[in-house]
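Q: Here it is: the structure, laid out below.
The values are calculated or read from the model by the stated rules, or taken from the named source; none is laboratory data. Keep in mind that this is a model prediction, so the values were computed, not measured. Note: ideal-geometry Cβ built from the backbone for every residue, glycine included; neighbour counts use all protein chains shown. Side chains are part of the model used for accessible areas, which takes the heavy atoms of the whole protein and leaves out ligands, DNA and RNA. Shrake-Rupley method; radii C 1.70, N 1.55, O 1.52, S 1.80 Å.
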Amino acid sequence: MKYGCACHYCVSHCPQELNIPWLLELYNEHCFTEGGFLAPMALSSLSEDKKPSACIGCRSCEAVCPQQIKISEAMSDFVRKMKG
Ligand code: SF4
């Protein structure tokens with residue numbers, strides 16, 4: 001699914017302090033290009049505690065998302081896709 005978001009409401013609600021809008025943008029890019037090199041390259045620059053795999057699925061971000069994006073599902077799918 002293609003997500004477009006910009007409000008950043010979720011960011012202050014993430015206990016893991018993930019940069020959710022940026023990760024969703026990378027996820028979009030990765031899905032759209034069916035596995036290009038940009039997302040792996042960008043993620044490799046992040047510490048482990050800021051990668052999609054650091055998402056604990058608490059869904060507190062989803063509670064404040066005006067678009068009701070299923071962020072926790074996007075993060076776990078992103079992890080799956082990155083594993084190939
Ligand atoms: S579900 Fe994941 S991305 Fe959303 S607030 Fe919880 S840890 Fe952060």
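Q: Top to bottom by accessible area (1.4 Å), largest first, where do ASP77, ASP49 land? Intermediate values should be presented prior to the final figure.
A: On the way: ASP77 30, ASP49 85 Å².
Output order, biggest surface exposure first: ASP49, ASP77.
Q: Let me ask something additional. Could you state the angle between the C-alpha long axis of helix 71-82 and the longest principal axis of the C-alpha atoms of the chain, as a value from 0 to 90 degrees rounded to the nearest 10?
A: It is inclined by approximately 10 degrees.
Q: To continue, here is another question. What is the sum of charges, Lys and Arg at +1 and Asp and Glu at -1, for the other residues whose Cβ falls under 14 Å from the Cβ of PRO52? Working shown, then result.
A: Details: positive: LYS50, LYS51, LYS70, ARG80, LYS81, LYS83; negative: GLU17, GLU25, GLU29, GLU48, ASP49, GLU73, ASP77.
Residues near PRO52 contribute -1 overall.
Q: State whether the stretch 27-74 is rounded, prolate or oblate according to the following rule on the C-alpha gyration tensor (a ≥ b ≥ c being the square roots of its eigenvalues): a/c under 1.5 gives rounded; otherwise a/b larger than b/c gives prolate, and the remaining case gives oblate. List each step's numbers first, then the result.
A: Details: a/c = 2.99, a/b = 1.43, b/c = 2.08.
It is oblate, given that a/c is not under 1.5 and a/b is not larger than b/c.
Q: Something else: So which cysteines of the chain have no other cysteine's Cβ under 4.7 Å from theirs?
A: Isolated Cys, the chain: CYS5, CYS7, CYS14, CYS31, CYS55, CYS58, CYS65.
Q: Can you tell me the orientation of helix 20-32 relative to the chain, as the angle in degrees between its alpha-carbon axis and the longest Cα principal axis, to the nearest 10?
A: 40
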